[in-house]
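Please treat every number below as a calculation from the coordinates, not as lab data. Here the structure is a predicted model, which means the values were calculated and not measured. Quick reminder, even Gly has a Cβ in these numbers, built from the backbone with ideal geometry, and neighbours come from all protein chains shown.
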Amino acid sequence: MRRSLVVGNWKMNGTRESAAALVQGILAGLDGDIADIAVCVPYVYLESVGNIINSTRLGLGAQNIADKASGAYTGEVSASMLAEVGCKYALVGHSERRTYYGDSDASVAARFVQAQTQNIIPILCVGETLEQREQDQTIAVVNEQLDAVIELAGIAAFNNAVIAYEPVWAIGTGRTATDDQAQEVHKHIRSYIAAKDQAIAEKIQILYGGSAKPDNAQGLFAMADIDGGLIGGASLDAESFLKIYHSVSK
């Protein structure tokens, strides 16, 4: 049986003080063992947040990871550095990285591989723009993004990975995919993986990452192939994030 996962992505927000208050608020609101839960925080707060959540149920994640192991790559942060401060997860290929910073399918695949060299679980983000959706290219785009990783790392690499479907047109726009729209793509992703390895497809967590909020999370999470959420703005408020987290069980 697949386990649900809810991940908060804080993006470039917060201060050391507000980050501490946020994770303490989240920890205070956890009751029961509903699902796995993690927060992906800015690099500069990883160690301080990690110290607070160490030995708790809350997992620590990075928002990006270098595509090289080490070397003269100013501004990058390597997998070994992230492992040293206790990261369990790392986002790779988030739509904002692809859109604003030119992360290509190839570099995203390399980041995926680097994460796994240090036993960090990559959360592979895939999804289409509004233009691509309107041109009926959603499936082709998602396939290309998955194929880049499969060709570099092999399908077996998804034994220790998470996939997040984030329609670019639904991020920060106030729009969100309907439950059925999201389920359609999630079902395709699982089928695409299943064609290569049925066992991996049955166990892999596929998250929805397109503006999930407390008022739509329950419907999304009720879909057969949606295993949780990659939560953006709503994860910056402990109460909202916890409402999304608790909706997994409803």
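Some observations on this one:
- Fewest-first sequence of Ile193, Ile121 by Cβ atoms within 10 Å of each Cβ: Ile121, Ile193
- For the chain, built as a Gaussian network whose Cα springs stay under 10 Å, the top-fluctuating residue of Gly50, Gly32, Gly209: Gly32
- The count of lysine pairs in the chain whose Cα atoms are under 24 Å apart, excluding pairs fewer than 8 places apart on the same chain, comes to 14.
- For Gly59, the amide hydrogen comes within under 5 Å of the amide hydrogens of Ile37, Ala38, Val39, counting only partners 5 or more places away or on other chains and with H modelled in the peptide plane.
- Estimated vicinal HN-Hα couplings, Hz - segment 88-105 in sequence order (Karplus 6.51, -1.76, 1.60; Gly, Pro = x): 9, 10, 8, 6, 9, x, 3, 4, 5, 5, 5, 6, 8, 10, x, 5, 8, 4
- Computed 3J(HN,Hα) for segment 45-51, one whole-Hz value per residue from the Karplus formula 6.51 cos²θ - 1.76 cosθ + 1.60 where θ = phi - 60°, is 9, 4, 5, 5, 5, x, 5, glycine and proline marked x.
- Ellipticity estimate at 222 nm from DSSP helix runs (n ≥ 4, -39,500 (n - 2.57)) divided over the chain, nearest 500: -13000 deg cm²/dmol
- Shape call, segment 96-143: gyration tensor on alpha carbons, a/c limit 1.5: prolate
- Vicinal HN-Hα couplings computed from phi for segment 223-235 (Karplus, 6.51 cos²θ - 1.76 cosθ + 1.60; Hz; Gly/Pro x): 5, 4, 10, 9, 9, x, x, 9, 9, x, x, 5, 7
- Extension gain (nm, one decimal) between Ile155 and Ser191, 0.36 nm per residue minus Cα-Cα: 11.6 nm
- Distant-in-sequence amide contacts of Trp10, defined by a placed amide H-H separation under 5 Å and a gap of 5 or more residues or a different chain, comprise Cys40.
- Highest mobility in the GNM of the chain, judged by mean-square fluctuation with C-alpha springs under 10 Å and restricted to Gln205, Gln181, Gln116, is found for Gln181.
- When the square roots of the Cα gyration tensor eigenvalues are ordered a ≥ b ≥ c, the ratio a/c for the chain is under 1.5, which makes its shape rounded.
- Cβ-based net charge around His186, under 12 Å, with every Lys or Arg adding one and every Asp or Glu removing one: -3
- Relative contact order computed over the chain (Cα-Cα under 8 Å; 6+ residues apart), in percent: 22 percent
- GNM result for the chain, Cα springs below 10 Å: residue of Ala19, Ala177, Ala199 fluctuating most strongly: Ala199
- Environment charge at Arg175 (Cβ cut-off 12 Å; Lys +1, Arg +1, Asp -1, Glu -1): +2
- Between amide H atoms placed 1.01 Å from N, distances below 5 Å from Ala90 occur with Ala62, Ile121, Ile123, all of them 5 or more places distant or on a separate chain.
- Exposure proxy shown here: for Tyr208, Tyr73, Tyr45, Tyr245, the number of other Cβ atoms within 10 Å sets the order, fewest to most, as Tyr73, Tyr45, Tyr245, Tyr208.
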